[in-house]
Amino acid sequence: MAFVLRNSQLHRRLHGNAKLLCILHYIWTIGLCIAYIINYGFNLIQLSMSFSNPCEYLIPTSLSFNLAATVMIFILLQMTSMIALAIERTVATIRYEKYENEKNIILLILLIILQFAVSFLIPYVYLIPSTNWEQPAVGPSLVTDDNLEKNQIFTIAFIVSELVVTIYIYALRYLNYYRRKAVRKWNSQSGLSTRYQLDENIRALNLIVPLIWLQFIFNFTTAVMVYIIVAVGFILFFFEFYSSKMSEHRKKMNGIDEVRVFSMI
């Protein structure tokens, strides 16, 4: 978050489309921080409460899913904003001789729609149908017994797609460096607009590279942890907190299926 805000002024000299996409990325970052605060605040409130019956710690799956979905939506908005910037810079690279003076609002609208579509479809269309709404939850989580496999597939696809986008952005930056070098050799044959557009492409891609690496490292670390928890069935640390309170009520819990506790992502 601090890194993004520190670099928030670097977008000012960019094309209008790239500038707006960068601003949206900053908004998604702030939204993600707020979503994490809400989710962790909910967990802290839970941990601070005391119930005579440990079953009262459980919350409806609908509440658990929607709380976790808010975090997932902003994570996906961050990721897709990088994809949108990569697409926008691809168009700028292809049309480098004219793009500086173009105002292609249709491209911008389509890229924003793409961000919202992917971010909402994955939790609310891809994961919801296989979610076990009868299984109680301890805290915010998108994972239930019935959608474990879908979560694993999504986790792998998510990380692979981010890695592919990172590699693609490096390739695009190299292409613009190569073209700028060639344009400088032509010098008299290339207009000022062409050289400015190539410089802008490189500036924009240099802005994206550290952002996407920071995002990739964070999401990769989180995804590996989640995948291990889902695949191996580890129970997280706060289960110890509940188990101490459940010791006197184990007989009452015999009729309840195993409740898996997963971390909030």
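Once the Cα-Cα distance is subtracted from the 0.36 nm per residue extended length, the residue 49 to residue 27 segment shows a gain of 4.6 nm.
Using the Cβ-Cβ distance between residue 34 and residue 124 with R0 set to 25 Å, the FRET efficiency works out to roughly 0.80. When only the Cβ of Lys, Arg, Asp and Glu is charged (+1, +1, -1, -1), the dipole of segment 13-154 relative to its Cα centre reaches about 680 debye. At a Förster distance of 30 Å, what's the computed FRET efficiency of residue 114 paired with residue 134, Cβ-Cβ distance as r, to 0.05? Computed FRET efficiency for residue 114 and residue 134 comes out at 0.30.
Local charge for residue 205 was computed over the other residues whose Cβ lies under 12 Å away, with Lys and Arg +1 and Asp and Glu -1, and equals +1.
What chymotrypsin sites (Phe, Trp or Tyr not before Pro) does segment 7-99 have in DSSP loop regions with at most 12 other beta carbons within 10 Å? Don't skip to the end; give the middle numbers.
Details: sites: 26, 28, 36, 40, 42, 51, 57, 65, 74, 96, 99; in loops: 51, 96.
When the chymotrypsin sites (Phe, Trp or Tyr not before Pro) of segment 7-99 are filtered for loop state and at most 12 Cβ neighbours within 10 Å, 51 remain.
Restricting the GluC sites (Glu not before Pro) of segment 108-172 to loop positions (DSSP other than H, G, I, E, B) with no more than 11 neighbouring Cβ atoms within 10 Å leaves 134.
Database remark: amide H of residue 137 closer than 5 angstrom to the amide H of 59, 61 (H placed geometrically; neighbours at sequence offset of 5 or more, or on other chains; Pro and chain starts carry no H). For segment 101-154, the list of chymotrypsin sites (Phe, Trp or Tyr not before Pro) that fall in a loop by DSSP and count at most 14 other C-beta atoms within 10 angstrom reads 133.
Throughout, read-outs are computed from the coordinates displayed, never taken from laboratory work. All values reported here derive from a predicted model rather than from experimental measurement. FYI the Cβ positions are ideal-geometry reconstructions off the backbone, even for glycines, and counts take in every protein chain you see.
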